[in-house]
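Q: The structure is given below, and queries will be raised subsequently.
The values are calculated or read from the model by the stated rules, or taken from the named source; none is laboratory data. Because the structure is predicted, anything quoted here is derived from the model rather than measured. Virtual Cβ from ideal backbone geometry, glycine too; neighbours counted across all protein chains shown. Heads up: the accessible areas ignore ligands, DNA and RNA and are worked out on the full protein's heavy atoms, side chains in. Shrake-Rupley method; radii C 1.70, N 1.55, O 1.52, S 1.80 Å.
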Amino acid sequence: MMSLPILEITYLVASLTFVIGLKMLSHPDSARRGNLIAAAGMLLAIIATLGLYQSYDPNKLFNYGLILFGLALGTVIGTVMAKRVQMTAMPQMVSFFNGMGGACAALIAIIEYQQHPIATAGFDGALLVMLLGLVIGSVSFSGSMIAYGKLEGKIKDKTLPFNQAANMMLLLVLVGLIIYQLFGAAYPVLFYGLFVIALVYGVLFVMPIGGADMPVVISLLNSFTGMAAAFGGFLYGNKAMLTGGILVGSAGTILTILMCKAMNRSLTNVLLGAFGSAGGAGAKSAEGDQTVREISISDMAVLLSYSQNIVIVPGYGLAVAQAQHICHELEKLLEEKGVEVNYAIHPVAGRMPGHMNVLLAEADVPYERLQEMDEINPRLANTDVVVVIGANDVVNPAAKNDSTSPIYGMPILEVDKAKTVVILKRGMAAGYAGIENELFFYPKTRMLFGDAKDSLQKLASEVKMV
Amino acid sequence: MDQILLYLSANMEMIYFLLLAILLGVEVISNVPAILHTPLMSGANAIHGVVVVGAIIVMLHASPDNYAALSIGFLAVVMGMLNVVGGFVVTDRMLEMFKKKPKKS
């Protein structure tokens with residue numbers, strides 16, 4: 001029977017599709033095909049495991065019916081959830097699916113442990129791999145669920161008393177328990193204790209991190225799950241699991257670092273900084289006059305219609321209000337009047353890097369209109385009007401001027417250089433970083449309060465009449 | 001100590017594999033335009049769903065009267081598959097929006 005080599009070759013092919021798929025995902029033209037190629041490789045690996053695994057193991061194998069049922073159930077639920085989710089809720093969806101993968105890895109470790117003969121003497125490598133898979137998978141699961149809850153708005157940012165100290169202690173306990181089980185005594189009760197502590201650690205790890213930093217956390221947990229999957233692969237000597245897991249583990253780590261760089265902060269700073277809960281620090285409120293100037297819809301329509309060029313800065317507020325379509329509508333109206341309209345995309349605008357691009361692409365905004373921060377910043381001084389829609393921290397001049405500000409050093413869109421700035425906002429609430437924005441009080445700044453979609457709709461109909 | 005060294009040398013092939021795959025992951029990801037960060041993260045998320053293969057293997061070994069293992073394993077298969085299918089479908093939905101449009105200018 002030649003099924004063993006066929007299974008091995010299938011895993012090789014699957015591994016290759018993962019690498020190629022990931023590579024293609026990093027170019028706009030090939031991204032979609034890359035995703036499909038990786039998916040095809042995955043399907044191949046799953047089918048081959050079901051059909052050909054027999055050859056590894058001369059013993060009878062069981063439970064085919066139950067496995068197929070589980071696969072079908074996962075497929076149906078996964079498809080429905082992924083199809084139904086709103087574009088704005090994408091980040092938490094990714095976090096949710098990531099948590100599922102983490103849980104899967106942890107559960108595998110539990111079953112393997114139950115069937116693992118307890119070694120009497122010496123170093124037990126298989127046990128180490130199980131323990132690591134269990135811990136990392138569990139942390140990833142509970143952490144992802146908290147991140148999901150936070151982005152859904154069901155869980156508020158909260159720093160528990162002595163949170164950092166508790167985290168440090170839990171981490172030490174986790175490492176200590178792993179070492180003790182390897183070199184001391186491997187009692188089952190310790191194993192399950194480790195499971196519970198890892199779950200708690202995941203919760204406490206994500207809990208104090210502010211909503212604005214969730215993308216970084218999701219990306220980090222994503223690479224955790226990759227590692228957990230790789231440990232599973234190590235356990236079974238399964239190369240497809242190893243490649244998939246490690247690739248995501250390292251790629252996810254790099255992606256996390258890229259995101260941190262975009263905010264000019266270190267990973268440690270994100271994880272320990274408790275950015276979102278810093279309170280109302282910052283904003284030199286003593287100097288300058290503190291009144292904000294409002295602008296009416298009709299004034300703004302005139303202002304926009306008679307401008308040469310406009311830059312729109314979209315933020316999470318645009319996503320929440322589902323205002324991307326009407327925003328594109330307004331842009332087209334202004335173009336017809338000969339106004340040049342561009343979008344300035346901050347690398348971390350929205351809840352995930354690239355979030356705004358996805359949203360605006362949904363509304364059919366052409367690629368060429370989307371400008372990245374480094375391209376647009378030098379041109380902002382020659383811009384007549386900047387329209388900030390539901391963005392806050394990414395245009396806060398405090399990042400440049402105020403060294404005491406929690407976001408000091410983060411690269412921003414320098415909209416304060418433009419001739420006029422109009423800010424669409426629901427109210428005077430602070431941004432995700434929880435800090436004041438002095439830009440609102442600048443003499444050249446005008447505020448337009450209200451729901452972004454509502455305001456833009458009124459604005460569009462006014463512009464038509466100008 | 002000797003035991004650890006023995007374990008390492010017995011698994012040397014795997015360790016080579018591990019290190020090379022780590023470097024490969026780093027290389028593949030560098031120079032990604034920011035607009036693709038979200039789909040890329042989502043695609044990578046789907047790929048680590050390969051852990052479902054492990055869940056299938058666990059279930060294949062579990063004897064049909066071991067109800068604890070069966071129920072945990074079943075849960076693992078469902079969750080792993082959720083990760084795979086949900087991950088790929090969400091990524092595809094995101095990328096669908098990047099479809100080519102007739103260029104103006």
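Q: Pull out all pairs, ordered by first then second residue, where Cβ-Cβ is under 9 Å, the residues are six or more apart or on different chains, the first lies in the range B:29-46 and is open to solvent by 10 Å² or more (accessible area, probe 1.4 Å), and the second is aromatic (Phe, Trp, Tyr) and in a helix (DSSP H, G or I).
A: B:Ile35/A:Tyr367
Q: Can you name the number of the only condition in (1) under 22 Å from the mean Cα position of the chain (by Cα); (2) surrounded by fewer than 21 Cβ atoms within 10 Å (Cβ to Cβ) that A:Pro91 fails?
A: Result: A:Pro91 fails condition (2) only.
Q: Would you be able to say whether some residue in the range A:65-80 is in contact (Cβ under 8 Å) with a residue 12 or more places away in the chain, open to solvent by less than 70 Å² (accessible area, probe 1.4 Å) and within 23 Å of A:Asn357 (Cα to Cα)?
A: Within the range A:65-80, not a single residue is in contact (Cβ under 8 Å) with a residue 12 or more places away in the chain, open to solvent by less than 70 Å² (accessible area, probe 1.4 Å) and within 23 Å of A:Asn357 (Cα to Cα).
Q: Mind listing just one residue for me: the one in the range A:319-345 that is more than 9 Å from every other protein chain (Cβ to nearest Cβ) and in contact with a Gly (Cβ under 9 Å, 6 or more places away or on another chain) and, of those, most open to solvent (accessible area, probe 1.4 Å)?
A: We begin by selecting, within the range A:319-345, every residue more than 9 Å from every other protein chain (Cβ to nearest Cβ); these are A:319-344.
Subset that is in contact with a Gly (Cβ under 9 Å, 6 or more places away or on another chain): A:319-321, A:323.
Details: A:Ala319: 0, A:Val320: 69, A:Ala321: 14, A:Ala323: 0 Å².
Out of the qualifying residues, it is A:Val320.
Q: Give the range A:27-54 a look and list any residue that's of a type in the set (Ser, Thr, Tyr) and outside any helix (DSSP H, G or I), or say none.
A: The answer is A:Ser30, and nothing else.
Q: Still on this structure, please answer the following. Quickly run through the range A:377-386 and pick out the residues that are under 17 Å from A:Pro411 (Cβ atoms) and open to solvent by less than 30 Å² (accessible area, probe 1.4 Å).
A: A:Asn377, A:Leu380, A:Val386
Q: May I pose another question? Is it fair to say B:Leu8 is more than 7 Å from chain A (Cβ to nearest Cβ), open to solvent by 50 Å² or more (accessible area, probe 1.4 Å) and in contact with a helix residue (DSSP H, G or I) (Cβ under 7 Å, 6 or more places away or on another chain)? Full working, then the answer.
A: Working: more than 7 Å from chain A (Cβ to nearest Cβ): yes; open to solvent by 50 Å² or more (accessible area, probe 1.4 Å): yes; in contact with a helix residue (DSSP H, G or I) (Cβ under 7 Å, 6 or more places away or on another chain): yes.
Yes; evaluated as a whole, the condition is true for this residue.
Q: Among the residues of the range A:388-433 satisfying the criterion of being among the small types (Gly, Ala, Ser) and at pLDDT 80 or above, which is nearest to A:Leu303 (Cα to Cα)?
A: The qualifying residue nearest to A:Leu303 (Cα to Cα) is A:Ala418.
Q: Name the residues in the range A:351-376 that are surrounded by 22 or more Cβ atoms within 10 Å (Cβ to Cβ) and either of a type in the set (D, E, K, R) or in contact (Cβ under 8 Å) with a residue 24 or more places away in the chain (or both), would you? Let's see the steps before the verdict.
A: Going through the range A:351-376, the residues surrounded by 22 or more Cβ atoms within 10 Å (Cβ to Cβ) turn out to be A:351-361, A:365, A:376.
Those that are surrounded by 22 or more Cβ atoms within 10 Å (Cβ to Cβ) and either of a type in the set (D, E, K, R) or in contact (Cβ under 8 Å) with a residue 24 or more places away in the chain (or both): A:Arg351, A:Met352, A:Pro353, A:His355, A:Met356, A:Val358, A:Leu359, A:Leu360, A:Val365, A:Ile376.
Q: Search the range A:294-323 for residues that are under 22 Å from A:Val365 (Cβ atoms) and pair each with any residue that is acidic (Asp, Glu) and open to solvent by less than 40 Å² (accessible area, probe 1.4 Å) when their beta-carbon atoms are under 8 Å apart and the residues are at least 6 apart or on different chains.
A: A:Ser307/A:Asp384; A:Gln308/A:Asp384; A:Asn309/A:Asp384; A:Ile310/A:Asp384; A:Ile312/A:Glu331
Q: Within the range A:53-63, is even one residue under 14 Å from B:Val90 (Cα atoms) and within 8 Å of chain B (Cβ to nearest Cβ)? Before the answer, list the steps.
A: Of the residues in the range A:53-63, the ones under 14 Å from B:Val90 (Cα atoms) are none.
Within the range A:53-63 (the criterion being under 14 Å from B:Val90 (Cα atoms) and within 8 Å of chain B (Cβ to nearest Cβ)), the answer is no, since none of the residues qualifies.
Q: Taking A:Ala39 as meeting all but one of (1) surrounded by 23 or more Cβ atoms within 10 Å (Cβ to Cβ); (2) more than 8 Å from every other protein chain (Cβ to nearest Cβ); (3) among the small types (Gly, Ala, Ser), write down the number of the exception.
A: (2)
Q: Considering B:Ile22, B:Ile57, B:Ile15, which residue is part of a helix (DSSP H, G or I), more than 7 Å from every other protein chain (Cβ to nearest Cβ) and open to solvent by less than 70 Å² (accessible area, probe 1.4 Å)?
A: Working: B:Ile22 fails: more than 7 Å from every other protein chain (Cβ to nearest Cβ); B:Ile57 fails: more than 7 Å from every other protein chain (Cβ to nearest Cβ).
One residue alone meets the criteria, B:Ile15.
Q: Could you check, for the range A:107-121, whether at least one of its residues is more than 23 Å from A:Thr75 (Cα to Cα), outside any helix (DSSP H, G or I) and among the aromatic types (Phe, Trp, Tyr)?
A: No, the range A:107-121 contains no residue that is more than 23 Å from A:Thr75 (Cα to Cα), outside any helix (DSSP H, G or I) and among the aromatic types (Phe, Trp, Tyr).
Q: OK, next. Suppose the filter is out of contact with any Ser or Thr (no Cβ under 8 Å at 6 or more places or on another chain), closer than 30 Å to A:Val217 by Cβ and either β-branched (Val, Ile, Thr) or buried (at least 17 other Cβ atoms within 10 Å of the Cβ) (or both); does A:Ser26 pass it?
A: On the way: out of contact with any Ser or Thr (no Cβ under 8 Å at 6 or more places or on another chain): yes; closer than 30 Å to A:Val217 by Cβ: yes; either β-branched (Val, Ile, Thr) or buried (at least 17 other Cβ atoms within 10 Å of the Cβ) (or both): yes.
Judged against the criteria, A:Ser26 is a match.
Q: Would you please list the contacts, defined by Cβ atoms under 7 Å and residues six or more apart or on different chains, that run from a residue in the range A:408-435 that is more than 22 Å from A:Ile310 (Cβ to Cβ) to a residue that is at pLDDT 90 or above?
A: Nothing qualifies.
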